[in-house]
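Notes follow the structure.
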Amino acid sequence: MNNNTLKQGILITFSAYLLWGVLPIYWKLLDHLPASEVLAHRIIWSFVFTVFLVLITGHWRDLLQTLHTLQKDRKKTVAVITASVVISINWFLFIFSVQHGHVLQASLGYYINPLFSILLAVFVLKEKTTKGQVLSFILAGIGVVYLTLSYGVFPWISLLLAASFALYGLIKKTIDLNAMYGLTIETLVVTPFALLFLILASSKGSVSFSSFLSMDSLLLIGGGVATAIPLLLFASGAKRIPLAMVGFLQYVSPTIMFFLGVFLYNEPFTIHHMITFSFIWIALMIYMASIYWKKPQIKNQKAISENNQ
């Protein structure tokens, strides 16, 4: 990996996480609309935008081939459908949290997400964990329990966001689809349901999409672009940099959300929140240290093995 490729990868991946971090500002502009309606539009316009990208890049044959391959593999088909449902739930929770003044809970959720991934890796993929990873998970758990007991608020949004995104990541790892094709197919699966929802809502006179030129309509359409662009940037950038660097950069998004929640939207940040976030931050530092510490150990083990040979 040359230096230019590494720099490009860092810049592209950072851009993806930066966009994800400021996304609450975008959804906040639509907080006067029902979260379910915003979600339906997000799904539909994400599908439209990704299809448009596939067509203009000339990859539609590859997409059709991917669909054909999925039809032959029942397990992968079920996995894609499950991923579609899980990411839709995640999107809804994120929109809901932003609209209802829970940006801090969303931030906490994405801080906790890597620790949920550890849990899934252990119990589903049967991967071995380091002592540092176990300790980080315990500390994060203490933080969540503390917030629940002392502040009287169970952070269900944080936990569901973390769990749903971790599960989505696990499914994506097992099916290994191209990012653009994956998002296109996932939104294809749920788009009929989103359209049906909007049709039913329209019959009751509760749909806000009136004119393509209205601000709400433009923002709803733009939601598809706002969804797809960071995902595609991430897919492109992550290939160019080490996994440990990806792990470090992923905390850009929740950190931006944290500052947005506290300083822009003036959400209450008490001493109880401070203690909880401190537990999470310490847990994440231990988690990242365990990743960087593991790499030299692996190199040393290889060197010893080669010398013995």
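Derivation of every value follows stated rules applied to the coordinates shown; laboratory data play no part. Just so you know, these numbers come straight off a predicted model, no measurement behind them. A quick note on method: Cβ atoms are made from the backbone with ideal geometry, for glycine too, and the neighbour counts reach across all protein chains shown.
Of note:
- The chain - percent relative contact order, Cα under 8 Å, separation 6 or more: 40
- Shown for the chain are the DSSP H helices of 18 Å or more along their axis, judged by Cα atoms, with a mean Kyte-Doolittle hydropathy of at least 0.5: 3-28, 35-56, 74-99, 103-123, 131-151, 156-175, 179-203, 215-238.
- Cα gyration tensor shape for segment 221-291, rounded if a/c is under 1.5, else prolate or oblate: oblate
- Farthest toward the positive end of the dipole of segment 115-237, out of Phe123, Ala166, Leu149, is the Cα of Phe123, where the dipole comes from beta carbon charges about the Cα centre.
- Segment 253-282 residues near the modelled Ser150 label - backbone nitrogen below 12 Å, point 7 Å along Cα→Cβ: 270-280
- Note on Ser236, Ser107, Ser150: ascending count of other Cβ atoms within 10 Å places them as Ser150, Ser236, Ser107, the fewest first.
- Taking the charge dipole of segment 41-103 about its Cα centre, with +1 at Lys and Arg Cβ atoms and -1 at Asp and Glu Cβ atoms, the residue from Gln99, Thr69, Ile87 reaching farthest to the positive side is Thr69.
- Shape category assigned to the chain from the gyration tensor of Cα positions, a/c cut at 1.5: oblate
- Separation in nanometres of the label points that stand 7 Å from Cα toward Cβ, at Asp62 and Ser202: 3.4
- Choice from Gln250, Gln99, Gln71 showing the highest fluctuation, given a GNM over the chain with Cα pairs closer than 10 Å: Gln71
- Relative exposure of Thr66, Thr174, judged by other C-beta atoms within 10 Å (fewest first): Thr174, Thr66
- Over the C-alpha atoms of segment 138-189, the Rg to Rh ratio, Rh being the Kirkwood estimate, stands at 1.21.
- Comparing Leu183, Leu213, Leu119 in a Gaussian network model of the chain (Cα springs below 10 Å), the most mobile by mean-square fluctuation is Leu213.
- The helix-only estimate of mean residue ellipticity at 222 nm for the chain, built from DSSP H runs of length n ≥ 4 each weighted as -39500 (n - 2.57), is -28000 deg cm²/dmol after division by the residue total.
- When the chain is treated as a GNM with alpha-carbon contacts under 10 Å, the residue of Ile229, Ile271, Ile44 showing the greatest mean-square fluctuation is Ile271.
- Dipole in debye (nearest 20) - the chain, about Cα centre, beta carbon charges: Lys, Arg +1; Asp, Glu -1: 1000
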